[in-house]
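Novice: First the structure, which I've put down as structure tokens, then a few questions once you've had a look.
The values are calculated or read from the model by the stated rules, or taken from the named source; none is laboratory data. Fair warning: this is a prediction, and the values are worked out from it, not measured in the lab. All Cβ positions, glycine included, derive from the backbone under ideal geometry; neighbour counts span all protein chains shown.
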Amino acid sequence: MSTPPNATGSCLCGAVRFEIAPPSVAFRYCHCSRCQKVTGAAHAANLFVPMGQFKWLAGESLAKRFNLPGASDSQSASAASAAPAYRTRSPAPRTC
């Protein structure tokens, strides 16, 4: 069986682009109010990969990171479009 190809992603305007390599650690839907707000939808689809499997393709300097009060993760977004690009998480488990 062959290894799945790397996946790419970006912010809404495309200024920030990245690539992730398989395998993922987890995939989860989250329906908390914070995830609803950041996606503008009823839920967020979250794919988790180790940072060593994440690679910037463009716009790393445009990605702005901010800490979410009371949360163990940080959100990053493109300064150009304000669309979410990625999140980092501390090792401590939490519910969304």
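Novice: Only one of M1, M51 is at pLDDT below 85 and surrounded by fewer than 15 Cβ atoms within 10 Å (Cβ to Cβ). Can you tell me which?
Specialist: None of the other options fit; the residue is M1.
Novice: While we're here: Which of the residues spanning segment 10-25 are part of a strand (DSSP E or B) and at pLDDT 90 or above?
Specialist: The answer is R17, F18, E19, I20.
Novice: Follow-up. Please find, within segment 54-88, the residue that is nearest to T8 (Cα to Cα) out of those that are of a type in the set (D, E, K, R) and modelled with pLDDT of 85 or more.
Specialist: Going through the qualifying residues, I end up with K55.
Novice: Restricting the first residue to segment 1-24 and requiring it to be more than 20 Å from A63 (Cα to Cα) and among the hydroxyl-bearing types (S, T, Y), which pairs with a second residue that is part of a loop (DSSP other than H, G, I, E, B) and modelled with pLDDT under 90 meet a Cβ separation below 7 Å and a spacing of at least six or different chains?
Specialist: If the second residue must be part of a loop (DSSP other than H, G, I, E, B) and modelled with pLDDT under 90, the pairs left are S24/V49.
Novice: Output the number of the condition that A41 fails; it satisfies all remaining conditions of (1) over 12 Å from the mean Cα position of the chain (by Cα); (2) modelled with pLDDT under 85.
Specialist: (2) is the only condition that A41 fails.
Novice: Filter segment 1-36 for residues that are of a type in the set (A, V, I, L, M) and under 18 Å from F48 (Cβ atoms) and give the result.
Specialist: Passing the criteria: A7, I20, A21, V25, A26.
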